[in-house]
Amino acid sequence: MIYEKEKGKYLLKKHNYSDSSLFIRQRISNFAAEMCSTDKLNIDIKNLPEGESVVTASLNDAFFMSIDNSEISQGDVHVEVSIRKSIHFSEIRFHATGTITVTCDRCLDPLDMPVDVRHLLAVKYGTERSEDDDIIIITEEEPTVDIAWCVYESIVLSLPVKHVHAPGKCNPAMINMLNEHSATRSDDTAEEEAIDPRWSALKDLHFDN
(Lines give C-alpha, C1' and ligand atoms only; values in the text may rest on other atoms or scores of the structure.)
Protein backbone atom coordinates (compact mmCIF):
# COMPACT_ATOMS: atom_id res chain seq x y z
CA MET A 1 0.00 0.00 0.00
CA ILE A 2 1.23 3.48 -0.80
CA TYR A 3 0.02 7.03 -0.59
CA GLU A 4 -0.58 9.04 -3.74
CA LYS A 5 -1.46 12.71 -3.88
CA GLU A 6 -4.78 13.66 -5.44
CA LYS A 7 -6.36 17.10 -5.17
CA GLY A 8 -4.08 18.09 -2.30
CA LYS A 9 -4.76 14.93 -0.30
CA TYR A 10 -2.69 11.79 0.19
CA LEU A 11 -4.95 8.85 -0.63
CA LEU A 12 -4.30 5.21 0.22
CA LYS A 13 -3.86 3.12 -2.92
CA LYS A 14 -3.42 -0.63 -3.23
CA HIS A 15 -0.90 -2.04 -5.69
CA ASN A 16 0.65 -5.39 -6.44
CA TYR A 17 4.39 -5.07 -6.57
CA SER A 18 6.53 -7.66 -8.30
CA ASP A 19 9.50 -5.32 -8.18
CA SER A 20 10.50 -4.15 -4.70
CA SER A 21 12.39 -1.18 -6.15
CA LEU A 22 9.16 0.10 -7.73
CA PHE A 23 7.43 -0.27 -4.36
CA ILE A 24 10.02 1.74 -2.48
CA ARG A 25 10.28 4.46 -5.15
CA GLN A 26 6.55 5.09 -4.99
CA ARG A 27 6.03 4.73 -1.26
CA ILE A 28 9.09 6.74 -0.28
CA SER A 29 8.28 9.52 -2.71
CA ASN A 30 8.30 13.26 -2.52
CA PHE A 31 5.75 13.12 0.33
CA ALA A 32 7.78 15.29 2.69
CA ALA A 33 9.48 17.39 0.05
CA GLU A 34 6.13 18.82 -0.99
CA MET A 35 5.50 19.88 2.62
CA CYS A 36 7.88 22.78 3.11
CA SER A 37 8.09 22.22 6.87
CA THR A 38 9.20 18.59 6.52
CA ASP A 39 11.58 18.58 3.56
CA LYS A 40 14.45 17.80 5.96
CA LEU A 41 12.86 14.41 6.62
CA ASN A 42 13.85 13.39 3.10
CA ILE A 43 17.39 12.28 3.97
CA ASP A 44 20.10 11.86 1.35
CA ILE A 45 22.33 9.23 2.94
CA LYS A 46 24.93 9.31 0.19
CA ASN A 47 25.76 13.00 0.63
CA LEU A 48 25.96 12.92 4.42
CA PRO A 49 29.42 12.84 6.03
CA GLU A 50 30.44 9.76 7.97
CA GLY A 51 29.67 9.95 11.64
CA GLU A 52 26.65 11.59 13.24
CA SER A 53 24.42 14.25 11.69
CA VAL A 54 21.35 15.88 13.23
CA VAL A 55 18.41 17.51 11.46
CA THR A 56 15.14 18.90 12.80
CA ALA A 57 11.71 19.39 11.27
CA SER A 58 8.20 20.43 12.26
CA LEU A 59 4.90 18.72 11.52
CA ASN A 60 2.12 21.31 11.47
CA ASP A 61 -1.61 21.38 10.69
CA ALA A 62 -0.97 21.37 6.93
CA PHE A 63 1.00 18.13 7.21
CA PHE A 64 -1.73 16.23 9.07
CA MET A 65 -4.54 17.69 6.95
CA SER A 66 -2.76 16.52 3.78
CA ILE A 67 -3.26 12.87 4.80
CA ASP A 68 -6.63 11.54 3.69
CA ASN A 69 -8.75 9.89 6.41
CA SER A 70 -6.22 10.78 9.09
CA GLU A 71 -7.53 10.49 12.63
CA ILE A 72 -5.26 13.44 13.50
CA SER A 73 -6.84 16.73 12.45
CA GLN A 74 -4.18 19.14 13.71
CA GLY A 75 -0.76 19.07 15.26
CA ASP A 76 2.36 20.85 16.34
CA VAL A 77 5.13 18.26 16.53
CA HIS A 78 8.88 18.81 16.65
CA VAL A 79 11.00 16.03 15.15
CA GLU A 80 14.70 15.62 15.88
CA VAL A 81 16.51 13.14 13.65
CA SER A 82 19.94 11.69 14.35
CA ILE A 83 21.71 9.87 11.51
CA ARG A 84 24.78 7.79 12.26
CA LYS A 85 26.50 6.89 8.98
CA SER A 86 29.25 4.38 8.27
CA ILE A 87 30.52 3.01 4.96
CA HIS A 88 28.04 0.15 4.57
CA PHE A 89 25.43 0.80 7.27
CA SER A 90 23.52 3.73 8.73
CA GLU A 91 21.09 4.25 11.61
CA ILE A 92 18.29 6.81 11.65
CA ARG A 93 16.84 7.64 15.06
CA PHE A 94 14.05 10.14 15.47
CA HIS A 95 12.32 11.65 18.49
CA ALA A 96 8.96 13.34 17.93
CA THR A 97 7.45 15.51 20.67
CA GLY A 98 4.54 17.91 20.77
CA THR A 99 0.75 17.90 20.66
CA ILE A 100 -1.78 16.54 18.19
CA THR A 101 -5.57 16.96 18.00
CA VAL A 102 -8.01 14.09 17.49
CA THR A 103 -11.78 13.73 17.92
CA CYS A 104 -13.10 12.64 21.30
CA ASP A 105 -14.89 9.29 20.94
CA ARG A 106 -17.46 10.31 23.55
CA CYS A 107 -18.47 13.92 22.84
CA LEU A 108 -16.95 14.40 19.35
CA ASP A 109 -15.20 17.62 20.37
CA PRO A 110 -11.50 18.20 19.57
CA LEU A 111 -9.14 16.49 22.00
CA ASP A 112 -5.49 17.50 22.42
CA MET A 113 -3.09 14.66 23.13
CA PRO A 114 0.65 14.76 23.93
CA VAL A 115 3.16 13.08 21.63
CA ASP A 116 6.49 11.61 22.70
CA VAL A 117 7.72 8.98 20.24
CA ARG A 118 11.13 7.44 19.56
CA HIS A 119 11.97 5.13 16.67
CA LEU A 120 14.99 3.49 15.04
CA LEU A 121 15.53 2.64 11.36
CA ALA A 122 18.44 0.73 9.86
CA VAL A 123 19.65 1.65 6.36
CA LYS A 124 21.90 -0.52 4.17
CA TYR A 125 23.15 -0.40 0.61
CA GLY A 126 22.05 -3.10 -1.81
CA THR A 127 21.44 -3.87 -5.46
CA GLU A 128 17.78 -2.84 -5.34
CA ARG A 129 15.62 -0.84 -3.00
CA SER A 130 13.38 -2.57 -0.49
CA GLU A 131 11.85 -2.13 2.95
CA ASP A 132 11.38 -4.88 5.52
CA ASP A 133 9.98 -3.70 8.86
CA ASP A 134 12.55 -1.20 10.12
CA ILE A 135 15.30 -2.14 7.64
CA ILE A 136 15.56 -0.07 4.46
CA ILE A 137 17.77 -1.05 1.54
CA ILE A 138 18.94 1.83 -0.66
CA THR A 139 21.04 1.90 -3.83
CA GLU A 140 23.77 4.15 -5.18
CA GLU A 141 21.27 5.51 -7.70
CA GLU A 142 18.53 6.13 -5.11
CA PRO A 143 20.23 6.90 -1.80
CA THR A 144 17.47 9.00 -0.17
CA VAL A 145 15.19 7.89 2.66
CA ASP A 146 11.96 9.80 3.27
CA ILE A 147 10.90 9.16 6.87
CA ALA A 148 7.87 11.49 6.97
CA TRP A 149 5.35 8.66 6.70
CA CYS A 150 7.25 6.57 9.26
CA VAL A 151 7.11 9.47 11.74
CA TYR A 152 3.36 9.91 11.16
CA GLU A 153 2.72 6.19 11.52
CA SER A 154 4.71 6.03 14.75
CA ILE A 155 2.66 8.89 16.19
CA VAL A 156 -0.63 7.18 15.30
CA LEU A 157 0.48 3.84 16.76
CA SER A 158 1.46 5.56 20.02
CA LEU A 159 -2.08 6.87 20.61
CA PRO A 160 -4.41 5.02 22.99
CA VAL A 161 -7.18 2.94 21.45
CA LYS A 162 -9.86 5.15 23.00
CA HIS A 163 -9.69 8.93 22.56
CA VAL A 164 -11.68 10.47 25.41
CA HIS A 165 -11.46 13.62 27.50
CA ALA A 166 -10.60 13.42 31.17
CA PRO A 167 -13.66 13.07 33.46
CA GLY A 168 -15.68 16.28 33.46
CA LYS A 169 -13.95 17.73 30.38
CA CYS A 170 -16.34 16.51 27.67
CA ASN A 171 -18.86 18.82 26.01
CA PRO A 172 -21.72 18.96 28.61
CA ALA A 173 -24.44 19.46 25.98
CA MET A 174 -23.36 16.32 24.12
CA ILE A 175 -23.09 14.31 27.35
CA ASN A 176 -26.66 15.32 28.29
CA MET A 177 -27.90 14.17 24.89
CA LEU A 178 -26.08 10.84 25.30
CA ASN A 179 -27.55 10.34 28.77
CA GLU A 180 -31.07 11.07 27.50
CA HIS A 181 -30.62 8.67 24.61
CA SER A 182 -29.27 6.00 26.96
CA ALA A 183 -32.22 6.43 29.34
CA THR A 184 -34.71 6.12 26.46
CA ARG A 185 -33.07 2.92 25.24
CA SER A 186 -33.13 1.47 28.76
CA ASP A 187 -36.87 2.16 29.05
CA ASP A 188 -37.54 0.54 25.66
CA THR A 189 -35.52 -2.52 26.62
CA ALA A 190 -37.34 -2.89 29.93
CA GLU A 191 -40.67 -2.69 28.10
CA GLU A 192 -39.66 -5.40 25.64
CA GLU A 193 -38.44 -7.69 28.40
CA ALA A 194 -41.58 -7.32 30.50
CA ILE A 195 -43.71 -10.50 30.35
CA ASP A 196 -47.50 -10.53 30.57
CA PRO A 197 -48.27 -12.33 33.88
CA ARG A 198 -51.02 -14.33 32.11
CA TRP A 199 -48.33 -15.98 30.01
CA SER A 200 -45.61 -16.34 32.65
CA ALA A 201 -46.86 -19.83 33.64
CA LEU A 202 -46.05 -21.09 30.17
CA LYS A 203 -42.35 -20.78 30.98
CA ASP A 204 -42.61 -23.81 33.30
CA LEU A 205 -44.42 -26.03 30.81
CA HIS A 206 -42.56 -28.65 28.75
CA PHE A 207 -43.93 -30.05 25.53
CA ASP A 208 -42.95 -33.42 24.10
CA ASN A 209 -42.82 -33.97 20.34
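If Val161 passes every condition in (1) modelled with pLDDT of 90 or more; (2) touching a strand residue (DSSP E or B) at 6+ places or on another chain (Cβ under 8 Å) but one, which one does it miss?
Evaluating Val161 over (1) modelled with pLDDT of 90 or more; (2) touching a strand residue (DSSP E or B) at 6+ places or on another chain (Cβ under 8 Å) leaves (2) as the failure.
Here are the criteria: (1) buried (at least 16 other Cβ atoms within 10 Å of the Cβ); (2) part of a strand (DSSP E or B). Tell me which single one Lys124 does not satisfy.
Looking at each condition in turn, Lys124 falls short on (1).
Could you please give the count of residues in the range 127-144 that are assigned to a strand (DSSP E or B), surrounded by 14 or more Cβ atoms within 10 Å (Cβ to Cβ) and acidic (Asp, Glu)?
Residues flagged as assigned to a strand (DSSP E or B), surrounded by 14 or more Cβ atoms within 10 Å (Cβ to Cβ) and acidic (Asp, Glu) within the range 127-144 amount to 1.
Residues in the range 132-187 that are among the hydroxyl-bearing types (Ser, Thr, Tyr) and within 30 Å of His95 (Cα to Cα): how many?
The number of residues fulfilling the criteria is 5.
When you check Ser73 against the structure, is it within 15 Å of Ile100 (Cβ to Cβ) and touching a helix residue (DSSP H, G or I) at 6+ places or on another chain (Cβ under 9 Å), yes or no?
yes
Within the range 145-163, count every residue that is of a type in the set (Val, Ile, Thr) and not in a helix (DSSP H, G or I).
Residues flagged as of a type in the set (Val, Ile, Thr) and not in a helix (DSSP H, G or I) within the range 145-163 amount to 3.
What are the residues in the range 145-167 that are surrounded by 15 or more Cβ atoms within 10 Å (Cβ to Cβ) and either free of Cβ contacts under 8 Å to residues at least 24 places away in the same chain or over 30 Å from Cys107 (Cβ atoms) (or both), if any?
Of everything in the range 145-167, those that are surrounded by 15 or more Cβ atoms within 10 Å (Cβ to Cβ) and either free of Cβ contacts under 8 Å to residues at least 24 places away in the same chain or over 30 Å from Cys107 (Cβ atoms) (or both) turn out to be Val145, Asp146, Ile147, Ala148, Trp149, Cys150.
The values are calculated or read from the model by the stated rules, or taken from the named source; none is laboratory data. Small disclaimer: the values here were computed from a predicted structure and weren't measured. Note that each Cβ is placed from the backbone with ideal geometry, even for glycine, and that neighbours are counted across all protein chains shown.
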